[in-house]
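The values are calculated or read from the model by the stated rules, or taken from the named source; none is laboratory data. The structure displayed is predicted, hence computed values, not measured ones. Don't worry about glycine lacking a Cβ; one is built from the backbone with ideal geometry, like all the others, and counts go over all protein chains shown. We work out accessible area using only protein heavy atoms, side chains counted, and drop any ligands, DNA or RNA first. Shrake-Rupley method; radii C 1.70, N 1.55, O 1.52, S 1.80 Å.
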Amino acid sequence: MKEILFIRNNIEKWRAVEELIENVSFESPDRLADVYSDLTADLAFSQTHYPRSRITIYLNNLASALHNEIYRNKREKWSRLLTFWTQEVPDVMWKERRLLLVSAVIFMASVLIGVVSTLGDASFPRLILGDGYMDMTLENMAKGEPMGVYGSEEEGRMFLGITLNNIMVSFNMFVSGVLTSFMPGFQLFQNGIMVGCFDTFFFQHGMLGESLLATMLHGTLELSSIIVAGAAGLAMGNGWLFPGTYSRLVSFQRGARRGMKIVVGTVPLFILAGFIESFITRHTEINDYLRLAVILGSLAFVVFYFIYLPYKRNHRHANRETQD
């Protein structure tokens, strides 16, 4: 068999093995054994017929990587929880950095639309936020407690409800990528409109400063995570729309795996944001400088984890490859 035909007949299978190696912990032992057996058979064939070819080197490296994953010391499985958030999530964020930028642009543009719409039509917030919420907020303002909504429920119950809701919102945004990239983009648009309406409404009542200091205590982590979850949905949706050199199904599977890693990576942030919103945001008597410090600290962490750390890890890997 000619080498080019051998490659053409098997390239999709080898690409699938690359994906399997990245997600080996989710595969059954029987599946890994079958894939490894098939791969070593291809390697043996290549070594026999194309001993000095690059494809033989490629298959040897691929088989070695799979072998190392299969026979890795079992104790390393316990460290997967740590490496997932310290290595895998930052690495996939680097790969999808453009989608993170797109997600942020969609969200910020929709916030601006919410601001302009509210300034142009005072009834617009009622259309977006609902009459019940608006009437309650106006009543709290009249009582001198504009952030009273955050103290209207018992802390533990509020924490559980808010955290589960936010996690579900992020996963729904990710899963909506099944319907291509337009649905995650639309959900980002909806959330941005709500934020723009909310903040502009308080601005019109001369309470924007108090509103931002209270809501951004938890909102810095919460809104940032929603933007990241939007990137996860876009990653899966783009798999359908832009398969590139892969088949549409394989491209979709690749995008779905990357998106899942991203959205799972936001869960701890949603938990922390839910805790802050339930137990701390209600205490508006807290010193403004302390609240501002928490907001800036949260923002610094988001920038570090989702932007700087992915860049740093990629830069380190690039330097190693250059040295090799």
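For the chain, a Gaussian network of Cα nodes joined below 10 Å ranks G132, G192, G237 by mean-square fluctuation, and the top entry is G132.
Accessible area per residue was computed with a 1.4 Å probe on protein heavy atoms; I271 scores about 80 Å². Its Cα gyration tensor gives segment 190-324 an equivalent ellipsoid; the semi-axes, largest first and in whole Å, are 35, 20, 12.
Of the residues K95, K261, K2, K312, ranked by 1.4 Å probe accessible area with the largest first, the sequence reads K2, K95, K312, K261.
A 1.4 Å probe, protein heavy atoms only, puts the accessible area of V149 near 40 Å².
Pick out, in residue order, every one of the GluC sites (Glu not before Pro) in segment 145-238 that is DSSP loop and has at most 14 other C-beta atoms within 10 Å; say none if there are none. Loop-located and lightly packed - E153, E154.
Counting 0.36 nm for each residue step from R98 to I286 and taking away their Cα separation leaves a gain of 63.9 nm. Measure off, as a whole percent, the carbon and sulfur share of the 1.4 Å-probe accessible area of segment 148-213, all protein chains present. The value for segment 148-213 is 71 percent carbon and sulfur by accessible area.
The mean of 1/r over all pairs of different alpha-carbon atoms in segment 87-241, once inverted, gives a Kirkwood hydrodynamic radius of 16.7 Å. Of all the options A293, A235, A256, the one that moves most in a Gaussian network model of the chain with Cα springs shorter than 10 angstrom is A293.
Can you pull the accessible area of M108 for me, 1.4 Å probe, Å² to the nearest 10? Looks like 110 Å² after rounding. Couplings 3J(HN,Hα) of segment 254-262, computed from phi: 4, x, 5, 5, 5, x, 4, 4, 4 Hz, in residue order, whole Hz [Karplus 6.51 cos²θ - 1.76 cosθ + 1.60, θ = phi - 60°; x for Gly and Pro]. With r defined as the distance between the Cβ atoms of I57 and L112 and R0 fixed at 41 Å, what FRET efficiency is calculated, to the nearest 0.05? Rounded to the nearest 0.05, the efficiency is 0.20. Summed over the residues of the chain and divided among them, the accessible surface reaches 55 Å² per residue at a probe radius of 1.4 Å.
Only Cα pairs under 8 Å and 6+ residues apart enter the sum, and on that basis the relative contact order of the chain stands at 22 percent.
In the frame of its principal axes, the chain has Cα extents of 84, 40, 38 Å, reported largest first.
Please find, in a Gaussian network model of the chain (springs between Cα atoms separated by less than 10 Å), the residue of S117, S37, S181 whose mean-square fluctuation is greatest. Judging by the Gaussian network model, the answer is S37.
Applying 0.36 nm per residue to the separation of L5 and T40 and subtracting their alpha-carbon distance, the gain on full extension is 10.8 nm.
Determine the gain in length on full extension of the stretch I307-K13; use 0.36 nm per residue of separation and subtract their C-alpha separation, reporting nm with one decimal.
102.6 nm
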